[in-house]
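What follows is a set of notes on a single structure, which appears directly below.
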Amino acid sequence: MYKRIPDLAPPQTALERLPEEWSAQLEAWGEPKYRGIQVFRWLHQRGVIDPALMTDLPKSLREKLVTDVVIDSAIKVASIHESADGTKKLLLATHDGRTSEAVLIPMAASQAGDLYAAEDPSGEESEGGPTAPLMPVTQCISTQIGCAMGCVFCASGLAGLKRHMSAGEIVGQVILGRAHTAPGSHLRNVVFMGMGEPLHNYNALARSLALLTHPDGLALSKRRVTVSTSGLVPEIDRLGNDFGGEVQLAVSLHSPFDEKRSEIMPINRKYPLAMLLDAMHRYPLPKRRRITIEYTLIQGFNASRADAIKLSEVLKGLPVKVNLIPLNRVEGTPLSPPSWDDVDTFQSLLRDRGIANFVRRRKGDDIAAACGQLALRNEPRKIRVALPTLT
């Protein structure tokens with residue numbers, strides 16, 4: 001039995017139904033209730049969308065399901081871009097002609113410290129056994145077409161918010177991603193770090209989390225699911241309450257100074273650092289878990305010794321690990337990453353002050369793998385933001 005399901009908004013499409021919702025639907029059609037778990041497993045555990053292939057269901061039910069389920073196959077892979085480092089970006093086409101993105105990131109054993117290889121306090125072995133371990137893959141998925149947050153260093157927000165994605169579209173990315181993982185690998189982690197602000201689309205996010213972690217579906221461990229936010233304080237509290245703190249939380253901080261953070265992240269004007277830090281203290285983390293702090297390093301803006309020292313002071317007492325991200329250049333802005341020497345200095349200053357941290361390895365640069373770089377390449381910019389003052 002699934003341990004915890006929060007109060008959810010009603011499902012809008014077939015792919016969004018949980019097993020008990022499938023059972024209710026099928027019972028209304030005059031079918032046995034137990035068929036509900038069968039249909040759910042076909043869709044979410046096996047990734048089979050075509051009812052004709054659901055071979056343990058009677059033909060009459062498969063025919064009924066065609067109209068009900070086929071509408072959820074409207075999100076499709078439009079193109080695949082594969083990097084020399086094994087990163088694979090899926091450009092996805094939605095039913096209304098929009099495009100979204102999902103990225104598959106293979107993780108070698110030497111990369112175990114990376115954020116994309118989510119913490120595993122249980123110490124469980126990789127699938128395949130000790131002699132033939134499968135390569136774990138992390139999928140980065142999107143929750144919106146575009147984004148309303150307007151962060152100046154993020155490609156997905158420059159064209160503004162087009163629309164929210166449905167829970168079916170969010171989960172559909174994972175079903176498609178699993179089908180495109182390379183032989184000898186398996187989908188192990190999902191991170192909500194693609195296009196959009198996940199907590200801005202909370203109802204769809206919550207239902208997709210319930211679906212992705214359901215034991216009769218993909219059965220992802222909640223510790224292997226990470227939700228990233230730019231700092232929507234009420235929704236951080238809601239996520240913690242709804243999922244008991246078991247879902248991993250990542251917070252995009254990017255400056256320890258309110259004035260600077262407001263320059264690059266407009267959300268800070270509504271929820272300044274003090275409020276955000278209080279929300280992180282309230283987040284009901286299980287033992288031995290940490291919140292990830294995402295910190296994009298921008299040359300001449302937030303990558304100095306003073307920034308590192310202040311960041312260590314701000315984070316003191318919080319169970320965190322800092323993910324240092326040298327800026328991915330965004331076309332049309334003069335922003336650039338610091339030198340690797342400066343990155344090393346910043347990292348050392350944090351470490352010397354007791355702040356766990358690591359540098360995110362850049363993956364897929366040759367295929368524009370940063371969120372929004374492909375999907376919104378031809379979209380006109382709607383959000384006009386002043387660039388930060390660089391020194």
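The values are calculated or read from the model by the stated rules, or taken from the named source; none is laboratory data. Keep in mind it's a predicted model, so treat the numbers as computed, not measured. For neighbour counting, all protein chains shown are included, and Cβ atoms are generated from backbone atoms with ideal geometry for every residue, glycine included.
Out of A28, A102, A84, A52, which single residue is of a type in the set (G, A, S) and within 14 Å of G172 (Cβ to Cβ)? Before the answer, list the steps.
On the way: A28 fails: within 14 Å of G172 (Cβ to Cβ); A84 fails: within 14 Å of G172 (Cβ to Cβ); A52 fails: within 14 Å of G172 (Cβ to Cβ).
Testing whether each residue is of a type in the set (G, A, S) and within 14 Å of G172 (Cβ to Cβ) leaves just A102.
Could you tell me whether any residue of segment 21-40 is acidic (D, E) and buried (at least 17 other Cβ atoms within 10 Å of the Cβ)?
Initial filter on segment 21-40 (acidic (D, E)): 21, 27, 31.
Then drop every residue that is not buried (at least 17 other Cβ atoms within 10 Å of the Cβ), which leaves 31.
Yes, some residue in segment 21-40 is acidic (D, E) and buried (at least 17 other Cβ atoms within 10 Å of the Cβ).
If you take the residues in segment 69-86 that are modelled with pLDDT of 90 or more and of a type in the set (V, I, T), which one is surrounded by the most Cβ atoms within 10 Å (Cβ to Cβ)?
Restricting to residues being modelled with pLDDT of 90 or more and of a type in the set (V, I, T), the top hit is V77.
Looking only at segment 264-315, count every residue that is among the aliphatic types (A, V, I, L, M) and over 26 Å from N241 (Cβ atoms) and tell me the total.
As a first pass, look at segment 264-315 and keep what is among the aliphatic types (A, V, I, L, M): 264-265, 267, 273-277, 279-280, 285, 291, 293, 297-298, 303, 306, 308-309, 311, 314-315.
Those left that are additionally over 26 Å from N241 (Cβ atoms): 264, 297-298, 303, 306, 308-309, 311.
The number of residues fulfilling the criteria is 8.
How many residues does segment 184-241 contain that are in a strand (DSSP E or B), hydrophobic (A, V, I, L, M, F, W, C) and touching a Pro at 6+ places or on another chain (Cβ under 7 Å)? Spell out the reasoning first.
Of all residues in segment 184-241, those in a strand (DSSP E or B) come to 185-192, 225-229.
Now drop any that are not hydrophobic (A, V, I, L, M, F, W, C), which leaves 187, 190-192, 225, 227.
Now narrow it down to the ones that are touching a Pro at 6+ places or on another chain (Cβ under 7 Å): 192, 227.
Count: 2.
State the number of residues belonging to segment 315-329 that are within 18 Å of the chain's Cα centre (by Cα) and not in a strand (DSSP E or B).
Of the residues in segment 315-329, 1 are within 18 Å of the chain's Cα centre (by Cα) and not in a strand (DSSP E or B).
Would segment 146-156 turn up any residue that is modelled with pLDDT under 90, in contact with a Ser or Thr (Cβ under 9 Å, 6 or more places away or on another chain) and in a helix (DSSP H, G or I)?
Yes: segment 146-156 contains one or more residues that are modelled with pLDDT under 90, in contact with a Ser or Thr (Cβ under 9 Å, 6 or more places away or on another chain) and in a helix (DSSP H, G or I).
If the requirement is being more than 25 Å from N203 (Cα to Cα) and not aromatic (F, W, Y), which of these qualifies: H95, H81? So that I can check it myself, show each step before the final result.
Values: H95 fails: more than 25 Å from N203 (Cα to Cα).
After ruling out the rest, the residue left standing is H81.
Take L311 and tell me if it is under 20 Å from C151 (Cα atoms), at pLDDT 95 or above and not in a strand (DSSP E or B).
On the way: under 20 Å from C151 (Cα atoms): yes; at pLDDT 95 or above: yes; not in a strand (DSSP E or B): yes.
Yes, satisfied.
Being among the basic types (K, R) and either surrounded by fewer than 24 Cβ atoms within 10 Å (Cβ to Cβ) or without any contact (Cβ under 8 Å) to a residue 40 or more places away in the chain (or both) is the filter here, so list the residues in segment 164-223 that pass it. Reasoning before the result, please.
Start the filter on segment 164-223 by keeping residues that are among the basic types (K, R), which leaves 178, 188, 207, 222-223.
Within segment 164-223, R178, R188, K222, R223 meet the criteria.
Is one or more of the residues making up segment 24-31 polar (S, T, N, Q), more than 23 Å from N203 (Cα to Cα), at pLDDT below 95 and out of contact with any Leu (no Cβ under 6 Å at 6 or more places or on another chain)? Break it down into steps so the answer makes sense when it comes.
In the first step, residues of segment 24-31 are kept if they are polar (S, T, N, Q); the result is 25.
If we keep only those that are more than 23 Å from N203 (Cα to Cα) as well, we get none.
No, the conditions are met nowhere in segment 24-31.
Take the residues of segment 259-303 that are in contact with a Ser or Thr (Cβ under 9 Å, 6 or more places away or on another chain) and assigned to a strand (DSSP E or B): which is surrounded by the fewest Cβ atoms within 10 Å (Cβ to Cβ)?
Looking at residues that are in contact with a Ser or Thr (Cβ under 9 Å, 6 or more places away or on another chain) and assigned to a strand (DSSP E or B), I get E294.
Determine the pairs where a residue that is at positive phi and not assigned by TED's automatic domain parsing to the domain that holds C140, located within segment 341-362, has a partner that is buried (at least 18 other Cβ atoms within 10 Å of the Cβ) and of a type in the set (V, I, T) with Cβ atoms under 9 Å apart, the partner being 6 or more residues away or on another chain.
From segment 341-362, no pairs qualify.
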